[in-house]
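Since every read-out is calculated from the coordinates, none of them should be taken as a lab result. Only a predicted model underlies this, so the values are computations on that prediction, with no experimental measurement involved. Because the Cβ atoms are built from the backbone with ideal geometry, glycine has one as well, and the counts that use them run over all protein chains shown.
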Amino acid sequence: MDTSQRRYKLLYVDDEESNLRIFKMTFKRHYDIFTAISGQEAIKILHQEAIQLIITDQKMPEMTGTEFLEKTIPEFPNIIRIILTGFSDIEAVVRAINKANVYRYVTKPWDREELKKIIDEGLALYQYREDKDIKITLLEKENQVLREKIEQLTEELRRYRNV
């Protein structure tokens, strides 16, 4: 999937402002980047912008990245979620996958090309799911039209039989 056809919106959450600046400078050419210094600030952004992908640091003071991502699931179930962390904690990885619906778990320091590839793959998955949902909705509408047509034809057939 070529994700360059659409300008996707990414949200990067990290409690270190220097990381936010570096990420934005690195990827602003490819995506619309929104940044937040906390999970609470990120939730406000999610209510204002149609974000397709979230990348969050795991280790933050108010709430962990996993806790933040868990909070986003009820309202924003289709967003692709990526955890970025400087340490490898197997319990955090398991929780991220099982509870926070995380697409990928990436360790710091990240490689620009590798992270871009991961982001693009996540956005391709997002686009696939969005396209699938649109097709399902269209098929449901077409099925309803067909059901109504069948009911109409069945009623006409009954009337002709009674004549």
Legend entry - the chain - Rg and Dmax from Cα coordinates, angstrom: 21.9, 82
Inset, instruction - Quick one: of Lys99/Lys135; Lys71/Lys108; Lys59/Lys99; Lys24/Lys135; Lys24/Lys117, which pairs are farther than 25 Å apart, Cα to Cα? - result: Lys99/Lys135; Lys24/Lys135
Inset, instruction - Beta carbons within 10 angstrom, averaged per residue: use that to sort the peptides 130-138, 91-99, highest first. - result: 91-99, 130-138
Legend entry - Candidates per chymotrypsin sites (Phe, Trp or Tyr not before Pro) in segment 48-112, loop by DSSP, up to 10 other Cβ within 10 Å: Phe87
Legend entry - In Hz, Karplus ³J(HN,Hα) per residue of segment 42-56 (6.51, -1.76, 1.60; θ = phi - 60°; x = Gly, Pro): 5, 4, 4, 5, 4, 6, 9, 10, 8, 7, 9, 8, 10, 10, 9
Inset, instruction - Give the order of His30, His47 when sorted by the count of other beta carbons within 10 angstrom, beginning with the fewest. - result: His47, His30
Inset, instruction - For segment 14-29, just list the computed ³J(HN,Hα) in residue order, Karplus coefficients 6.51, -1.76 and 1.60, θ = phi - 60°, integers in Hz, with x standing in for Gly and Pro. - result: 7, 7, 9, 4, 5, 5, 4, 5, 4, 4, 4, 4, 6, 10, 5, 5
Inset, instruction - Return the sequence-ordered ³J(HN,Hα) values of segment 74-83 in whole Hz as given by the Karplus equation 6.51 cos²θ - 1.76 cosθ + 1.60 applied to θ = phi - 60°, using x for Gly and Pro. - result: x, 8, 10, x, 8, 5, 7, 10, 10, 9
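Of Asp111, Asp15, how do they rank once you tally other Cβ atoms within 10 Å and put the fewest first?
Details: Asp111 10, Asp15 16.
The order, fewest Cβ neighbours first, is Asp111, Asp15.
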Legend entry - Amide H contacts of Tyr12 (H built 1.01 Å from N, under 5 Å, at least 5 apart or other chain): Phe34, Thr35, Ala36, Ile55
